[in-house]
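I have placed the structure first, in the form of structure tokens, so that the comments after it can refer back to it.
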Amino acid sequence: MEIKELKRRGKLLLKKKSYWLNVVIVFIMALNIDAIISLFTTDYEQFFSLFTPSNFNWTNIKEFVLDSNRDDNITSKFLSIAILLFETLFLVIFRVGGIRYFLKLRKNQPASFNEIFEDFKNKTAGNIVAVSLVKFLSCVIWMLLGIIPGIIKIFQYWAVEYILALRPDITASEALDLSKKLMKGNKLKAFVLDLAFIHWLVLSWLTLGIFGYLYVTPYYEATHIEFIGNLREEAIEKGVIKPKDLPDYEEIAQTA
């Protein structure tokens, strides 16, 4: 499906139910992204860069840790990273719930704000965190091997959160393997789809993020929901996966 059509469907998806409820749901989903970004700000980006093949050197790492000009020591650094990682993984639960909300909305299924907390109620939150941790560590390991392999792996596992929204009890190996199948031949499409929102992100930046939260991010998320739905349908049609591998919600006729 063309990007133009995906974006058109994304706009239509946002108009279903209450637009402002959709904005609130997306705001909660976006908290996870903010936490991920915070992992790689200030000294953390420099700290992780020391472990890349071109920079790896125990002397450099020791100097970074023992630098007297830094206010924090190695213990506080690792503690801060651990706390941010925990926060990120915890917020993935809300993100998965938000994705489920939009997947239901896409098929005109009953969807409410409570979808955000559904995985706590169904006791699948722990599994979502475990699968997300495996995905995160795998991407980090590949990133340490090089930027290009890391980026490829990130897009290879791009669909994991969407898979968890439909199968929150899936194992990590199944989720990663299923994402690989869905993204085979589609990684560049996902990258181009992200690029299609660059100008919107610039507008968001110019409005100090206000326009982003009120329109750009909801529009972005809704379009990506349409993208994953399209990927699933194409994969089933080509025999790459079976319907039972990733069961979606049944379409309900929308009433006026």
Among (1) in a loop (DSSP other than H, G, I, E, B); (2) touching a Gly at 6+ places or on another chain (Cβ under 8 Å); (3) of a type in the set (V, I, T), where does I241 come up short?
-> (2)
Considering each residue of the range 130-170, count those that are within 27 Å of L21 (Cβ to Cβ) and under 13 Å from the mean Cα position of the chain (by Cα), and give that number.
-> 9
If you go through the range 100-112 one residue at a time, do you hit one that is crowded, with 16+ Cβ neighbours inside 10 Å, within 22 Å of M183 (Cα to Cα) and polar (S, T, N, Q)?
-> no
Criterion violated by E115 - all others in (1) open to solvent by 40 Å² or more (accessible area, probe 1.4 Å); (2) more than 14 Å from the chain's Cα centre (by Cα) satisfied = (1)
Could you please let me know if L178 is buried (at least 17 other Cβ atoms within 10 Å of the Cβ), within 23 Å of K135 (Cβ to Cβ), modelled with pLDDT under 95 and within 18 Å of the chain's Cα centre (by Cα)?
-> no
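Could you please give the count of residues in the range 193-243 that are of a type in the set (D, E, K, R) and either modelled with pLDDT under 90 or surrounded by fewer than 19 Cβ atoms within 10 Å (Cβ to Cβ) (or both)?
First pass over the range 193-243, keeping only residues of a type in the set (D, E, K, R): 194, 221, 226, 232-234, 237-238, 242.
Subsequent filtering for residues that are either modelled with pLDDT under 90 or surrounded by fewer than 19 Cβ atoms within 10 Å (Cβ to Cβ) (or both) retains 194, 233-234, 237-238, 242.
Residues that pass the stated criteria total 6.
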Spot the failing condition for V129; the list is (1) more than 24 Å from V24 (Cα to Cα); (2) among the β-branched types (V, I, T); (3) assigned to a helix (DSSP H, G or I); (4) without any contact (Cβ under 8 Å) to a residue 60 or more places away in the chain, and only one is missed.
-> (1)
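Within the range 141-164, does at least one residue satisfy the condition of being more than 23 Å from G98 (Cα to Cα) and of a type in the set (D, E, K, R)? Please lay out each step first, then the result.
The initial filter retains those residues of the range 141-164 that are more than 23 Å from G98 (Cα to Cα), namely 141-153.
Restricting the remaining residues to those that are of a type in the set (D, E, K, R) gives 153.
Within the range 141-164 (the criterion being more than 23 Å from G98 (Cα to Cα) and of a type in the set (D, E, K, R)), the answer is yes, since at least one residue qualifies.
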What do you reckon, is T88 buried (at least 18 other Cβ atoms within 10 Å of the Cβ) and either modelled with pLDDT of 60 or more or closer than 26 Å to L137 by Cβ (or both)?
-> yes
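Could you tell me whether the range 210-218 includes any residue that is over 30 Å from P110 (Cβ atoms) and either among the aliphatic types (A, V, I, L, M) or outside any helix (DSSP H, G or I) (or both)?
Within the range 210-218, the subset over 30 Å from P110 (Cβ atoms) is 210-211.
Those still in the list that are either among the aliphatic types (A, V, I, L, M) or outside any helix (DSSP H, G or I) (or both) too: 210.
Yes, the conditions are met somewhere in the range 210-218.
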Which residue out of T223, T207, T217 is of a type in the set (S, T, N, Q) and free of Cβ contacts under 8 Å to residues at least 24 places away in the same chain?
-> T207
If we keep just the residues of the range 181-191 that are assigned to a helix (DSSP H, G or I) and open to solvent by less than 60 Å² (accessible area, probe 1.4 Å), which is nearest to K238 (Cα to Cα)?
-> L182
Identify the residue in the range 139-175 that is touching a Leu at 6+ places or on another chain (Cβ under 7 Å) and either at pLDDT below 90 or in a helix (DSSP H, G or I) (or both) and, among all such residues, is most open to solvent (accessible area, probe 1.4 Å).
-> L166
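The values are calculated or read from the model by the stated rules, or taken from the named source; none is laboratory data. Just so we're clear, the structure is a prediction, and the values are computed from it rather than from any experiment. Note: ideal-geometry Cβ built from the backbone for every residue, glycine included; neighbour counts use all protein chains shown. Surface accessibility is based on the protein's heavy atoms, side chains included, excluding ligands, DNA and RNA. Shrake-Rupley method; radii C 1.70, N 1.55, O 1.52, S 1.80 Å.
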